[in-house]
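A quick write-up on the structure given underneath.
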Amino acid sequence: LFSDAFGSNPNTPYMFVTLPLFGFLLPSPMWNLKEKDAVVLISRLPPKVEYFSFTSFALWIPPTGFPFGSLGDSLNHLNIQHTSDGLFAYVLTANQHTYELVEKSLKDSGIPASAINLMAIPASEKFGLFQSRTHFEIVMRLFRFKDQNEGNKFFKSNHPFYYVTTNHDQDMVLEPTGYKSRVHSKEIDEKSFEDKFAKYNEETIATVSQVLKNERKDLDLMNFAPLRIHGLDCIRDHTECLGDCPDAAYFGLNIEEASDRIRTLLLPTNNEFHLVTMVNHRHINAAIYGSIAILKSSSEFISKTYMSKHIRATSIGVTSFDFPEGEPFVSWIFTRNPDHCTTFEKRGIHGCSVVTDAHASLKSYITYCERIYLNPLTETGPNHSTILSAKLYRIKMDMKQEVFPNISFARIQLPPSQDVATFDGEEAIRLLHIIKTGGESLETYLNKEKLPRIDYRACQDAAISSNKLQVEPTTSKICNALATFTSSALCGLNCECCAADIMGGKFHGTLIRSPRAHVMSLFSHCHTAHHNTWTRILKDMSLYAAEGILRMTEQACGSCCDEEGDPDWESALARRLATPDLPPSDKNKSQVTVISLHNTQSHALTCSKSRGSFGHHFKRVDGSTDMYTPSIDEALKSLDSFEWIGITELFMPSLCLLHYQANKTIPSVCDCNSPYRVEHDKPGALGFWKEHRSKKRKVSQLDPSLISLIDEHTSVDSVLYSSAMRLFLGRLRRVEETTGVSLLKCVNWGKLFSETEYIPNLWTGPDGMLNS
């Protein structure tokens with residue numbers, strides 16, 4: 001016996017016997033057997049395992065092809081004959097007298113008749129097994145060792161396998177082993193659970209619909225149907241069985257009794273997933289175990305009778321032992337998008353598997369196979385007619401714009417107009433790029449437009465200015481050195497500085513973002529950097545190097561966004577939010593925190609290298625440098641010093657204001673009354689804001705308890721955002737009054753309300769912007 005793993009059968013290794021190919025070449029798992037000869041395996045039972053079986057096949061029948069069909073029922077752990085210490089013999093032959101000779105020899109050697117197992121090969125001419133040089137194969141399937149170490153030893157045991165040549169003239173053949181009927185009085189009829197399974201499916205789809213809300217485009221239900229495979233039929237009809245297991249019941253998609261064709265599926269985008277619901281056959285004792293596996297194909301259609309032409313195995317699939325204990329019904333998602341797994345596993349879906357290009361490319365056709373192994377009550381393969389087979393829901397996501405409340409401009413109560421500083425087109429803007437607020441998109445736009453130009457010299461001067469740094473004994477010198485270097489580099493190259501450090505000159509600007517969205521973006525980027533992919537690394541090596549330095553700084557300072565290395569971003573975020581940067585009693589002790597989620601935007605407006613700050617990526621909390629919770633008064637005072645303030649959620653209107661302030665002109669696409677007006681975030685709009693470096697996460701994906709924690713972490717930023725919004729809208733209102741150009745009535749107020757309604761007093765209350 002030798003071991004290998006092949007076939008699309010999740011978590012199931014195979015073993016096979018070998019003989020010299022053609023009698024003299026290298027060992028081969030297939031071998032020719034003459035009609036009066038026999039092969040004999042002498043072995044012991046494997047270590048304790050959930051399931052094992054021996055199945056004998058006619059693998060190759062020249063010249064008709066490779067039927068790979070079973071010769072009869074499998075010998076399995078429920079029906080095998082063996083001695084008390086596990087010794088047994090397995091004999092494969094067609095001849096009655098040969099078997100009698102082999103049996104006598106085995107008994108003479110000490111193996112009792114009660115431990116000898118026979119597979120009688122059909123010798124009828126209708127199968128033609130001995131009319132050509134048929135090559136046979138014996139395969140042992142094993143599933144789930146109790147002790148894998150013992151299992152590994154068994155794989156290497158090399159139990160002996162003999163070819164027995166005979167010399168007699170007795171032509172009497174054995175009665176073929178064949179297949180037992182699967183109909184049995186002891187079997188469990190799963191159809192009695194049909195109503196409960198239907199209710200489970202309704203509840204599961206309701207859960208999916210609730211999570212997706214307006215994102216679901218359409219849903220197609222596909223039922224798994226029986227795929228009845230009998231090896232002897234394939235051998236007789238010169239078709240292919242692909243290694244059928246008589247202990248299993250097979251079910252697949254798009255199978256029709258009267259048709260040979262099976263239509264396959266595609267999983268072509270990240271916006272589609274397949275939800276499979278199934279009965280946990282093991283739980284209700286209808287089978288030893290079951291599995292769902294993906295097969296791939298190069299063709300849209302495959303043939304039931306000639307599957308080897310198009311079908312190939314993949315390594316992706318799940319078994320009963322991946323399912324939660326005690327659950328009679330199970331749901332599992334197969335998707336190309338890991339975010340689907342993160343979202344739905346938190347909402348009651350039992351599991352999720354990500355299909356990568358290594359499993360099946362975007363252009364590959366796929367199909368699913370449900371295998372249900374061995375009825376423990378009947379010792380045969382499960383009865384197809386009593387099995388409740390799986391269901392598959394193809395769910396496509398609607399990528400159309402989300403549905404927002406219909407809030408007319410007449411209902412908006414704008415803040416008072418504010419003074420607007422304007423320039424002649426020559427003044428460069430000193431930009432404060434607060435991380436993850438849209439600064440990269442802003443820089444891209446301004447570098448293309450050249451108006452206003454960015455004063456990078458101010459950022460570079462801020463980067464090289466010396467810190468008023470006193471190294472405390474409680475902080476690492478390496479931490480201080482790396483934080484100083486990293487912060488200076490990011491300030492000089494990207495203008496990610498402290499507000500106070502870029503002051504001077506006449507024209508200053510920054511973007512402010514909704515606090516919830518800002519925290520999600522901050523953490524998503526950090527988490528992505530800790531769970532990188534080769535694709536992302538090779539796409540931007542400089543980014544990988546910069547993130548590597550930042551990770552080194554995290555390690556040196558003992559402050560990390562994902563200390564546990566959790567690949568699930570949502571659970572990692574929950575752990576990060578639940579773990580304070582500093583214990584409540586240590587708020588005045590010296591410590592450096594890296595990429596804190598605690599009021600980061602307010603920190604960027606209040607930190608200063610002249611006071612000892614590293615920069616706004618870090619907080620040097622020591623009671624005198626950076627406040628753990630920034631002062632809202634200081635943050636608002638700093639905000640007022642910026643001539644231009646933009647709002648990330650109103651990116652295009654922010655650019656419209658910036659154009660006016662830079663040279664007193666307004667692009668026609670900004671004018672609500674112009675035929676050339678373009679909506680925010682549509683093709684042709686000024687600039688285009690998008691999430692850089694990481695995937696945009698939606699707050700709506702989160703559990704309400706996590707959202708509450710985000711709000712606790714951003715209490716100062718919320719007040720800052722509310723003030724920035726009023727200041728921004730007040731300035732746009734003044735521009736309207738001065739120029740007569742309509743800028744505000746075409747804002748998507750419903751969308752803005754949906755994204756920011758949680759901000760205290762922004763929309764409701766005495767000064768709220770929404771007129772009831």
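The values are calculated or read from the model by the stated rules, or taken from the named source; none is laboratory data. Being a predicted model, the structure only gives us computed values, none of them experimental. Cβ placement follows ideal geometry from the backbone for every residue including glycine, while neighbour counts extend to all protein chains displayed. All accessible areas refer to the heavy atoms of the entire protein, side chains included, with ligands and DNA or RNA removed. Shrake-Rupley method; radii C 1.70, N 1.55, O 1.52, S 1.80 Å.
The listed residues GLU257, GLU35, GLU190, GLU757 rank as GLU257, GLU757, GLU35, GLU190 when sorted by accessible area, largest first, using a 1.4 Å probe. Straightening the chain between ASP233 and PHE409 buys 56.0 nm, computed as 0.36 nm per residue apart minus the Cα-Cα spacing.
Accessible surface of the chain, 1.4 Å probe: 51 percent of it comes from carbon and sulfur atoms. Within the full protein context, the accessible area of ARG516 is estimated at about 50 Å² for a probe radius of 1.4 Å.
How much net charge surrounds LEU227 when only the other residues with a Cβ under 14 Å from the Cβ of LEU227 are counted, with Lys and Arg +1 and Asp and Glu -1? Could you put the intermediate results ahead of the total?
Details: positive: ARG228, ARG261, ARG263, LYS304, ARG371; negative: ASP233, GLU240, ASP244, GLU256, GLU257, ASP260, GLU370.
Charge balance near LEU227 sits at -2.
Near ALA89, once Lys and Arg are set to +1 and Asp and Glu to -1 for all other residues with Cβ below 13 Å from its Cβ, the sum equals +1. Only Cα pairs under 8 Å and 6+ residues apart enter the sum, and on that basis the relative contact order of the range 109-188 stands at 53 percent.
For every other residue with a beta carbon closer than 15 angstrom to the beta carbon of GLN148, add +1 if it is Lys or Arg and -1 if Asp or Glu, then tell me the sum. Value of the local net charge: +2.
Please compare each pair in LYS506/LYS664; LYS126/LYS304; LYS450/LYS609; LYS436/LYS619 to a cut-off of 19 Å on the Cα-Cα distance and tell me which ones are over it. Intermediate results must be reported in sequence, preceding the final value.
Details: LYS506/LYS664 16 Å; LYS126/LYS304 21 Å; LYS450/LYS609 30 Å; LYS436/LYS619 17 Å.
Violating the 19 Å Cα-Cα cut-off are LYS126/LYS304; LYS450/LYS609.
Computed over protein heavy atoms with a 1.4 angstrom probe, the accessible surface ordering of MET140, MET30, largest first, is MET30, MET140. Return one number: the angle in degrees, 0 to 90 and rounded to the nearest 10, between the long axis of the Cα atoms of helix 194-212 and the longest principal axis of the Cα atoms of the chain. Once rounded, one gets 30 degrees. Counted over the range 337-413 with a bin width of 5 Å, the fraction of Cα pairs per bin, in whole percents, is 3, 8, 11, 14, 13, 13, 10, 9, 5, 4, 3, 2, 1, 1, 1, 0. Under the simplified labelling scheme, the SER754-PHE301 pair shows an inter-label distance of 4.3 nm, with each label point 7 Å from Cα along Cα→Cβ. By the rule of a second cysteine Cβ within less than 4.7 angstrom, the chain holds isolated cysteines at CYS245, CYS369, CYS560.
Pairs of Cα atoms nearer than 8 Å and 6+ residues apart set the relative contact order; for the chain it is 12 percent.
Rolling a 1.4 Å probe over the protein heavy atoms leaves GLU634 with an accessible area of roughly 100 Å². Residue order by solvent-accessible surface for PHE409, PHE127, PHE507 is PHE409, PHE127, PHE507, largest first, with ligands and nucleic acids left out and a 1.4 Å probe. In whole angstrom, the chain maps to an equivalent ellipsoid with semi-axes of 70, 29, 22, each derived as √(5λ) from the alpha carbon gyration tensor and ordered largest first.
Calculated accessible area for the range 107-222 comes out at 61 Å² per residue, all protein chains present (probe 1.4 Å; ligands, DNA, RNA ignored). Secondary-structure-derived ellipticity at 222 nm for the chain, considering helices only, amounts to -8500 deg cm²/dmol, per-run term -39500 (n - 2.57) for DSSP H runs with n ≥ 4. Calculated accessible area for the range 283-408 comes out at 39 Å² per residue, all protein chains present (probe 1.4 Å; ligands, DNA, RNA ignored).
Return a whole-number percent for the relative contact order of the range 89-241, with Cα pairs under 8 Å and 6 or more residues apart as the contact set. Please list the in-between numbers first.
Working: 79 pairs, mean separation 42.9, N = 153.
Computed over the range 89-241, the figure is 28 percent.
Distance from the Cα centroid of the range 145-194 to that of the range 712-772 is 74 Å (rounded to whole angstrom). Computed from the Cβ-Cβ distance with R0 of 35 Å, the FRET efficiency linking LYS637 to ASN270 stands at 0.20.
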